[in-house]
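Everything below concerns the one structure shown next.
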Amino acid sequence: MPVLVHDWRSTEAALLEARANGTSPTLVTPVGAASFYGAGYLGALQARAEKEFHDVAFELIVDCGDAPGHALACLRSGVKRISMSEHNDKIADIARQMGAQLVRRPT
């Protein structure tokens, strides 16, 4: 079951719980998060989570809505998994080339 995260505080809480329970969570940002949080913030959020919770296997899926530009910016910022409201073959291909993935948003 995916865990909705809004900021560092909610991300940290989810990862602390995962560490305590020995689980591997899928963290998901709100719909369209890339447009209002910005790619830099989301890339930094992922980097901090990886650094501080290197012992927890987790995925962070950043929702980019219907904005290919935001999706590309997130990829450039180091986000490894993005979702879009509609599949985009070009974005999916670019993501693969960058070692990332365009995935379906979990429900």
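Every read-out reported here was derived from the displayed coordinates using simple, explicitly stated rules and does not represent laboratory data. All values derive from a computational prediction rather than experimental measurement. Cβ sites come from the backbone with ideal geometry, for glycine too, and all protein chains shown count toward neighbours.
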Every residue from the stretch 47-61 that is out of contact with any helix residue (DSSP H, G or I) (no Cβ under 9 Å at 6 or more places or on another chain) and either over 16 Å from Leu4 (Cα atoms) or crowded, with 21+ Cβ neighbours inside 10 Å (or both): Ala47, Glu50, Lys51, His54, Ile61
Filter result (touching a residue at least 12 places away in the same chain (Cβ under 8 Å) and under 16 Å from Gly65 (Cβ atoms)) within the stretch 7-37: Val28, Thr29, Pro30, Val31, Gly32, Ala33, Ala34, Ser35
Pick from the stretch 1-45, criterion in a loop (DSSP other than H, G, I, E, B), within 12 Å of the chain's Cα centre (by Cα) and of a type in the set (A, V, I, L, M), ranking: surrounded by the fewest Cβ atoms within 10 Å (Cβ to Cβ): Val31
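Determine, yes or no, whether Leu60 is of a type outside the set (Val, Ile, Thr) and under 14 Å from Val28 (Cβ atoms). First the steps, then the outcome.
On the way: of a type outside the set (Val, Ile, Thr): yes; under 14 Å from Val28 (Cβ atoms): yes.
Yes; evaluated as a whole, the condition is true for this residue.
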The stretch 33-59: number of residues that are farther than 16 Å from Ser10 by Cα and among the aliphatic types (A, V, I, L, M): 3
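Would you check which residues across the stretch 62-87 are polar (S, T, N, Q), assigned to a loop (DSSP other than H, G, I, E, B) and buried (at least 17 other Cβ atoms within 10 Å of the Cβ) and list them?
Within the stretch 62-87, the subset polar (S, T, N, Q) is 77, 83, 85.
Checking the rest, the ones that are also assigned to a loop (DSSP other than H, G, I, E, B) come to 77, 85.
Listed by number, the list holds a single entry, Ser77.
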Any hit, the stretch 46-61, residues being part of a helix (DSSP H, G or I), more than 17 Å from Thr107 (Cβ to Cβ) and more than 14 Å from the chain's Cα centre (by Cα): yes
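For the stretch 97-107: of the residues being touching a strand residue (DSSP E or B) at 6+ places or on another chain (Cβ under 8 Å), free of Cβ contacts under 8 Å to residues at least 40 places away in the same chain and not hydrophobic (A, V, I, L, M, F, W, C), which is surrounded by the most Cβ atoms within 10 Å (Cβ to Cβ)? Quick ask: steps written out before the conclusion?
Step one: list which residues in the stretch 97-107 are touching a strand residue (DSSP E or B) at 6+ places or on another chain (Cβ under 8 Å), which gives 100-106.
If we keep only those that are free of Cβ contacts under 8 Å to residues at least 40 places away in the same chain too, we end up with 100-102, 104.
Now drop any that are not not hydrophobic (A, V, I, L, M, F, W, C), which leaves 101, 104.
Numbers: Gln101: 15, Arg104: 9.
The qualifying residue surrounded by the most Cβ atoms within 10 Å (Cβ to Cβ) is Gln101.
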